[in-house]
Amino acid sequence: QVQLVESGGGLVQAGDSLRLSCAASGVTFRTQTMGWFRQAPGKEREFVSAIAWAGNTYYTNSVKVRFTISRDNAKNTVYLQMNSLKPEDTAVYYCAAFTSGAYNSIKSYNYWGQGTQVTVSS
């Protein structure tokens, strides 16, 4: 059974940093491409970042300079380091396991975590 458990969210001020973690089980993590998505109130879930099993990384333009995705295969964990946070980054952040297709498409992921709330105050 695949389980993805996110942690690390919280309430911060604009300009602060947070690091999200996603612990995975039930997958062969070292060959599993992983992604981060977010969903703000009243908006659709959107792609944030992905990291392929080989280490290639992908970002949506709005976070490209500020966020860094990484993975620790020994810990079956993927991270999202978020710097220079802005109020518009406020959302529930979800970790997901990729299956096939485009990295930035929700339809390309078949397992999801429960999400962790990130709130950035101005």
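Computed from the coordinates by the stated procedures, all read-outs in this text should not be read as laboratory data. What you see is a predicted model, and the numbers here were worked out from it, not measured in a lab. In this analysis, Cβ positions are derived from the backbone assuming ideal geometry, glycine residues included, and neighbour counts consider all displayed protein chains.
Details
- Label point of Ser122 set 7 angstrom out along Cα-Cβ; within region 63-104, amide nitrogens under 20 Å from it belong to 63, 83-92.
- Sequence-ordered 3J(HN,Hα) estimates for region 5-10 from the Karplus curve with 6.51, -1.76 and 1.60 and θ = phi - 60° stand at 10, 8, 7, x, x, x Hz, glycine and proline given as x.
- The amide H of Leu85, built 1.01 Å from its N in the peptide plane, has Gly15, Asp16 as neighbours under 5 Å, considering only residues 5 or more places off or on other chains.
- Where labels lie 7 Å past Cα in the beta-carbon direction, separation of Thr57 and Arg45 in nm: 2.3
- Once the C-beta distance of Ser84 and Ser25 is scaled by a Förster radius of 41 Å, the resulting FRET efficiency is 0.80 to the nearest 0.05.
- Sequence-distant aspartates and glutamates (8 or more away, or on other chains) whose Cα lies within less than 18 Å of Lys107: Glu44, Glu46
- Straight Cα distances below 20 angstrom link Lys86 to the lysines Lys43, Lys64, with same-chain residues fewer than 8 positions distant left out.
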